[in-house]
1. Would you check if there is a residue in segment 196-216 being within 16 Å of ligand 2 (Cβ to nearest atom) and part of a loop (DSSP other than H, G, I, E, B)?
2. Within segment 66-86, is there a residue that is charged (D, E, K, R) and under 12 Å from the mean Cα position of the chain (by Cα)?
3. Filter segment 1-37 down to the residues that are of a type in the set (S, T, N, Q) and exposed (fewer than 15 other Cβ atoms within 10 Å of the Cβ) and list them by number.
4. Quick one: would you say Asp69 is within 14 Å of ligand 1 (Cβ to nearest atom), touching a residue at least 24 places away in the same chain (Cβ under 8 Å), among the acidic types (Asp, Glu) and touching a strand residue (DSSP E or B) at 6+ places or on another chain (Cβ under 8 Å)?
5. Assuming Val41 fulfils every condition listed in (1) over 24 Å from Ser162 (Cα atoms); (2) open to solvent by 10 Å² or more (accessible area, probe 1.4 Å) apart from one, which condition is it?
6. Name every residue in segment 12-57 that is under 23 Å from Glu216 (Cβ atoms) and near ligand 1 (Cβ under 10 Å from one of its atoms), in order of residue number.
7. Can you tell me which residue within segment 96-147, out of those that are hydrophobic (A, V, I, L, M, F, W, C) and surrounded by fewer than 16 Cβ atoms within 10 Å (Cβ to Cβ), is farthest from Ile85 (Cα to Cα)?
8. Can you tell me which residues in segment 104-125 are in a loop (DSSP other than H, G, I, E, B) and farther than 20 Å from Thr151 by Cβ?
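The values are calculated or read from the model by the stated rules, or taken from the named source; none is laboratory data. Worth saying up front: this structure is predicted, and the values here are computed from it rather than measured. When we count neighbours, we look across all protein chains shown, and the Cβ atoms used for this are built from the backbone with ideal geometry, even at glycine. What goes into the accessible areas is simple: the full protein's heavy atoms, side chains included, and nothing from ligands, DNA or RNA. Shrake-Rupley method; radii C 1.70, N 1.55, O 1.52, S 1.80 Å.
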Amino acid sequence: MNCLSPSLLSSDLTRLSDQVRLLDNAGAAYFHVDIMDGSFVPNISFGFPMVKAVRSLTEKVVDVHMMVDDPIRYVDLCAESGADIISVHYEACKHLDAVIQRIKQDGAMASVAINPATPVSALSCVLDQLDMVLVMTVNPGLGGQKLIPYTVDKIRELKKLSDESKNSFDIEVDGGVNTENAGMLLDAGANILVTGHALFSGDLEENATQFLNILEE
Ligand code: DX5
Ligand code: ZN
């Protein structure tokens, strides 16, 4: 299924509940919460109280993207705070297999994110344990950047692997997604689109409708 995952990093935090409700009613199926630690990425964003707040505002899928060094330290807290899907970065894990197992033990769906310069082959040993792969189409840490074109080849490669595998997985794309490139990203094989800047700039309802129409086509 194709889904929209609004990145709340670009939301108006003074109106978070209104914006989540509007998007929920419009048909967003996921809500993307970016956790940044100021170490794995230069920026600091939200912590787990934000995950709890979003959890209390919607029944939809709470999609947590941990841009955090050594994320196993926070997996339990993330799941307890209400995350349905937890993405950890391949580049941030010392023992990736153990982190994936911990996410599953906690009852959440397991996802691994790869930075633009990380090849798909880095995940070959763990792919059949994953519910989702998050393909970063910008360098993580900041909303509003431009999609890096070569990352789209990795979506195609992952789609082929997912189709060939007994355990297919979702492919989420994150960074620089807009209404001009969304169709191309879906054609490449992504089925969950994260969008921040392009969704929250201007009229939120109109933008959401445009994205959701593209996802339904
Ligand atoms: C960037 C974050 C993204 C970001 C996407 O490091 O992981 O989720 O908020 O925002 P846009 O769509 O503005 O690139
Ligand atoms: Zn993200």
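1. For segment 196-216, residues within 16 Å of ligand 2 (Cβ to nearest atom) and part of a loop (DSSP other than H, G, I, E, B): present.
2. Yes; the residues of segment 66-86 include at least one that is charged (D, E, K, R) and under 12 Å from the mean Cα position of the chain (by Cα).
3. Thr14, Ser17, Asn25
4. no
5. (2)
6. The answer is His32, and nothing else.
7. The residue in question is Ala117.
8. Asp106, Gly107, Ala108, Cys125
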